[in-house]
Amino acid sequence: METTGRFAPSPSGRMHLGNVLCALLSWLSARQQGGRYLLRIEDLDAMRCPRAFAMQIMDDLRWLGLDWDGEVLWQSERAAVYEHYAAILREKGLLYPCFCSRAALHAASAPHLSDGRVVYAGTCRTLTTAQIAEKRCARPPATRVRVPDEEIVFEDGVCGTYRERLAAECGDFIIRRSDGVFAYQLAVVVDDALSGVTEVVRGSDLLASSPRQIWLYRQLGFVPPRFIHIPLLCDHDGRRLSKRDADLDLGLLRECFTPEQLIGALACAAGLTETAAPLPADALVDGFSWDSIPRRALYLPNVFRHVK
Ligand code: GLU
């Protein structure tokens, strides 16, 4: 089967180096296998994702020498598609309205896992029709999907075997917010499945989302893709880079480096090359292999030490 990879950025700001690494590795993997590579803009929350940010991401990808095939998919235009698949879950009796406030969900009394994640306590799981009607007058509900007491196990391309007991370690999860915006978990599954994506490459911060997504794939009659979660990029102090603090975003980096310098430095950080010598992305395609990517956090090469 032909490989189809994708890059699926959320355009809530400028790409930072971690996003660039994800774009580079997902592109290299798809192209090395002679496969297709798609671009999807994850602008579900259109208020937080102005089009200008998405246009900037496309410009940045072109500048980096990373191309994509076919039309760009915009999640903000696909609510009707998500509605169709939500209806399938509803017909299976898997959905229910949830009226819990954010504060109630994160209260100290809510079940927390050792890593701080909150497990949904199931508060709204068994509301009666009368209770639902009464609560609806006070506030619009989010929509949750009822998960079974089932363990999901999959083999990640970099992280190895990953397992999660859905009910105990995640609980029923939201597929539509109370403001009507569909949640990432549903949209990502529907879009990857309908686009024929066979390989999902993304940061390891999304590793724990995969069991929920694999379960949704099965509920909707889709075959899950291969998942590859890449190590996060850390700065010299071991701190994860994030978009929020605008660490080393492409606005700044494009002023200081050529695309070849950036690609060369990231390739070296990812173990693809021995030195950070500048080189274009397509020079890395033939020799690309996931075997070279370390399982530990990746450290920024020294060339970035003096930027800022
Ligand atoms: N939109 C997500 C992000 O930018 C990535 C989602 C995914 O690759 O599944 O972090």
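The values are calculated or read from the model by the stated rules, or taken from the named source; none is laboratory data. Bear in mind that the values here come from a model prediction, so they are computed numbers and not experimental data. Cβ: placed from backbone, ideal geometry, glycine included. Neighbour counts: every protein chain shown.
Comparison of LEU186, LEU194 shows that the only residue that is in contact (Cβ under 8 Å) with a residue 24 or more places away in the chain, surrounded by 19 or more Cβ atoms within 10 Å (Cβ to Cβ) and among the aliphatic types (A, V, I, L, M) is LEU186. If you go through the stretch 274-289 and keep only what is at pLDDT below 95 and either in contact with a strand residue (DSSP E or B) (Cβ under 8 Å, 6 or more places away or on another chain) or surrounded by 14 or more Cβ atoms within 10 Å (Cβ to Cβ) (or both), you end up with just ALA276. Scanning the stretch 26-56 for residues being away from the ligand (no atom under 12 Å from the Cβ) and under 15 Å from the mean Cα position of the chain (by Cα) gives a total of 0. In the condition set (1) within 16 Å of the ligand (Cβ to nearest atom); (2) assigned to a loop (DSSP other than H, G, I, E, B), PRO140 is compliant with all but (1).
Of everything listed in (1) over 26 Å from GLN261 (Cβ atoms); (2) crowded, with 21+ Cβ neighbours inside 10 Å, the single unmet condition for SER101 is (2).
What are the residues in the stretch 116-147 that are of a type outside the set (A, V, I, L, M), exposed (fewer than 12 other Cβ atoms within 10 Å of the Cβ) and free of Cβ contacts under 8 Å to residues at least 40 places away in the same chain, if any? GLY116, THR126, THR128, THR129, CYS137 - these are the residues of the stretch 116-147 that are of a type outside the set (A, V, I, L, M), exposed (fewer than 12 other Cβ atoms within 10 Å of the Cβ) and free of Cβ contacts under 8 Å to residues at least 40 places away in the same chain.
Given the criteria touching a residue at least 24 places away in the same chain (Cβ under 8 Å) and over 16 Å from LEU66 (Cα atoms), does LEU262 qualify?
no
Filtering the stretch 164-214 to residues that are among the acidic types (Asp, Glu) and more than 12 Å from the ligand (Cβ to nearest atom) leaves GLU164, GLU169, ASP172, ASP179.
Name the single residue that is surrounded by the fewest Cβ atoms within 10 Å (Cβ to Cβ) among those in the stretch 1-20 being of a type in the set (S, T, N, Q) and either within 9 Å of the ligand (Cβ to nearest atom) or at pLDDT below 95 (or both). Among residues in the stretch 1-20 that are of a type in the set (S, T, N, Q) and either within 9 Å of the ligand (Cβ to nearest atom) or at pLDDT below 95 (or both), the one surrounded by the fewest Cβ atoms within 10 Å (Cβ to Cβ) is SER12. For the stretch 243-265, a tally of residues being at pLDDT below 85, surrounded by 14 or more Cβ atoms within 10 Å (Cβ to Cβ) and at negative phi returns 2. Residue pairs whose Cβ atoms lie under 6 Å apart, sitting 6 or more positions apart in sequence or on different chains, and linking a residue in the stretch 266-293 that is on the phi > 0 side of the Ramachandran plot and in contact (Cβ under 8 Å) with a residue 60 or more places away in the chain to a partner that is surrounded by fewer than 15 Cβ atoms within 10 Å (Cβ to Cβ) and part of a loop (DSSP other than H, G, I, E, B), do not occur here. Inside the stretch 57-85, residues that are within 19 Å of PHE173 (Cβ to Cβ), crowded, with 19+ Cβ neighbours inside 10 Å and over 19 Å from the mean Cα position of the chain (by Cα) make up a count of 1. Checking each residue in the stretch 148-164 for being surrounded by fewer than 16 Cβ atoms within 10 Å (Cβ to Cβ), touching a strand residue (DSSP E or B) at 6+ places or on another chain (Cβ under 8 Å) and in a loop (DSSP other than H, G, I, E, B) picks out ASP149, GLU150. Scanning the stretch 57-81 for residues that are closer than 17 Å to VAL200 by Cβ and within 16 Å of the ligand (Cβ to nearest atom) returns LEU66, TRP68, LEU73, GLN75. Looking at the structure I just gave you, is ARG254 in contact (Cβ under 8 Å) with a residue 12 or more places away in the chain, farther than 30 Å from HIS84 by Cα and either assigned to a helix (DSSP H, G or I) or more than 23 Å from the chain's Cα centre (by Cα) (or both)? Judged against the criteria, ARG254 is a match.
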